[in-house]
1. What dipole magnitude, in Debye to the nearest 20, does chain A give about its Cα centre under +1 on Lys/Arg Cβ and -1 on Asp/Glu Cβ?
2. Mind checking A:137-145 for the average number of partner chain beta-carbons within 10 Å of each residue's beta-carbon?
3. Among B:THR102, B:THR151, B:THR121, determine the one that fluctuates most according to a GNM of chain B built with springs between C-alpha atoms less than 10 Å apart.
4. What's the angle, to the nearest 10 degrees (0 to 90), between helix B:94-116's Cα axis and the longest principal axis of chain B?
5. Given the options A:LEU109, A:LEU332, A:LEU97, which has the most mean-square fluctuation in a GNM of chain A, springs set between C-alpha atoms less than 10 angstrom apart?
6. Among B:ILE143, A:ILE323, what is the fewest-to-most ranking by other Cβ atoms within 10 Å?
7. If exposed trypsin sites (Lys or Arg not before Pro) are those in a DSSP loop with at most 15 other Cβ within 10 Å, what is the longest stretch of chain A that has none?
8. For the stretch B:187-240, what is the convex hull volume of its Cα atoms per residue in Å³?
Amino acid sequence: MRLEPIADPSPMRRVLPVVIALAATVILAGFLALVSGSDPMAVLGLIVKGAVGSKFAALETLNRATPLIFTGLAIAVAFRARLWNIGAEAQLYAGALVTVLLGTGALPLPAPVLIPVMALGAIVAGAAMLVGPALLKLRLGVDEVVTTLLLNFVMLLFISMLLEGPLKDPMGMGWPKSAPLLKEARLPRIVSGLRLHWGFGLALIAALAVWLLDRHTVAGFEMRAVGAGETAARFAGIRVPRVVIRTAVLSGGLAALAGFSEVAGLKGNLTLDLSPGYGYTGIVVAMLAGLNPLGVVLSALFVAAIFVGADSMSRAAGVPTYIADMLLAFALLAMVLALTMTRYRLRRA
Amino acid sequence: MSEIFTIIASVSLWVAMVRIASPLIFATLGELLCERAGVLNLGIEGIMVAGAFAGWFAAYSGMGLWPAVGVAFLTGMGFGALHALLTVLFGLSQHVVGIGITLLASSSSYFAYRLALPEVTSPPKIEAFATWPVPVLSQIPLIGPVLFSQTPLTYLAYGLAIALALVLARTPLGLAIRAVGENPTSVEAQGLSVAGLRSGAVIAGSGLMAVGGSFLTLSAFNSFFFEMVNGRGWICIALVVFGAWKPGKAVAGAFLFAAFDALQIRLQQTPLGAHLPYQIFLMLPYLLSILALIVTSRRASVPAALMQPFRKGER
């Protein structure tokens, strides 16, 4: 058996594998419901209802999608340049940490100045978390996959240490959480009365900005060129190390904005459970979107809907909530395979 | 300082080192096998979770401990087969597939755990492997109590390390596996199947990772709980690099790492530990792994075809 490239894939060929992958994911959902002793159709219905069935549910999905858009974008820009950033979780927490440091009274500034300063600080922190591994890769050839992965654990322990030490809220009844942000440091809601904050708006703007950068600037072209082939990029006169560092700054900064928006928009303080793995889920989001920045928005909404829907379904029916992670992992593998099958066919050797 | 010397002089530190190293040896050798054949297996973290769960669940359901290890091995092989199908046959990105397998293997373990035990708050215990001192060998002063008064799975890890080192270095099969990681085209020219060799290595290697995971539930602890693998898989990937893709050095790395891990646990209980936040000690293993990667980075012994999918007729 071997793969053979298809010179000119038909429209059918471009779409069918993706449809099959999504259908297979839905069938797996039904199967898992059946294994759990529930009615598959009822479970699927509950997931949809829990994700978009009411105004409250839909807003919850948008809120959940917000950090995923940021981490999805972070992964998409990095993977496009073949910088394997698996450390978005650490960069997210770096951003959240700086947000809390600046937003709890360190800077006596009015909101219109304070919020951008906090965001900028978060970006710098997240970028620094990834520039380190990127430099190690460029200078010493240290694989960035392992370093970024391990930094996730280091960062979480560091945050835990701060939350039980200097950052611990004296009014927190002994819980390891930071003091709440000042009122001026909180992101306002998009529509007053509705539980949706401007972090979501910022995420959409970020997606658009990354798309414009990717499609309409030299910097974006250079990043894609490095991803497509380092040697060719070098011969084309692109300074590869500079592009890799630029990618790291962008990717780490985007992931940090997820932390910024969760703290300043949603939670208002820093806890150790700020992110239930948004950094890792960002990989799923980015791959489902085929690494397309605008696609990331759609796939983040889809992934958020599955999480919110599965949470709500799990409370109503007896299917464990881990069904969401299983479905997404399966969808990730199925989609990567499907995207290959739009361009290749299997032939007997 | 004197506390540190007391700790280092204590036998219990070195016994703990061997115990902590055992699961790492299985998983590191499994990853090493995959990488020597040219496939980076980032599924390791999840496959260890699946092995820990499958082994524990088999024993919990009434199977013997050795059959439970077998169940873990088969579970690992199953995920390995999926990995091989996607990365070897279809040539998909090894990074993305590996992360996907890690997510799939760990979430399905958690799903199955919750499904089997919906109402349980404290994880049920099983009768784990007991310490079995090897006759004669365990009587050797110093070495005996440390190396040969362990649980049987640890002895299996020793045997495996020796076996894998011999197979890789001294047999035609080992030569073929190494060649397929260095220069797959030459292997194909010899009439051997690149896909077959790589798939075999990934499947067997994944089985070993799962056995490493099952050590946690069947030997080190006696129950399964969430987050119990806690980055050990990623550390094993660092250990493979540290060991320069050689079984002997990788095992030595695992012992070194485990020694530091055992030491940091004990340091936490000293007056020095009382002054420092415990998180500092917990960070050490991860920082140490990163440091090891940096120190060993100059050695260019990476399998030449690592992470390069092989497509017949393409160059």
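1. Working: 28 positive and 17 negative charges, 170 e Å.
About 820 debye.
2. Numbers: counts 1, 0, 2, 6, 6, 9, 9, 0, 9.
Other-chain Cβ atoms within 10 Å of each residue's Cβ, averaged: 5.
3. B:THR121
4. 50 degrees
5. Taking springs between Cα atoms under 10 Å, the residue moving most is A:LEU109.
6. Details: B:ILE143 12, A:ILE323 28.
Exposure proxy ranking, most exposed first: B:ILE143, A:ILE323.
7. Working: sites that count: A:ARG195, A:ARG239, A:ARG343, A:ARG348.
Maximal segment without exposed cleavage sites: A:1-194.
8. Values: hull volume 5.2 nm³, N = 54.
Residue-normalised Cα hull volume stands at 97 Å³.
Bear in mind that the values in this text are calculations on the coordinates, not laboratory data. Computed from a predicted model, the values in this text were never measured in an experiment. Here Cβ is always computed from backbone atoms with ideal geometry, including for glycine, and neighbour counts include all displayed protein chains.
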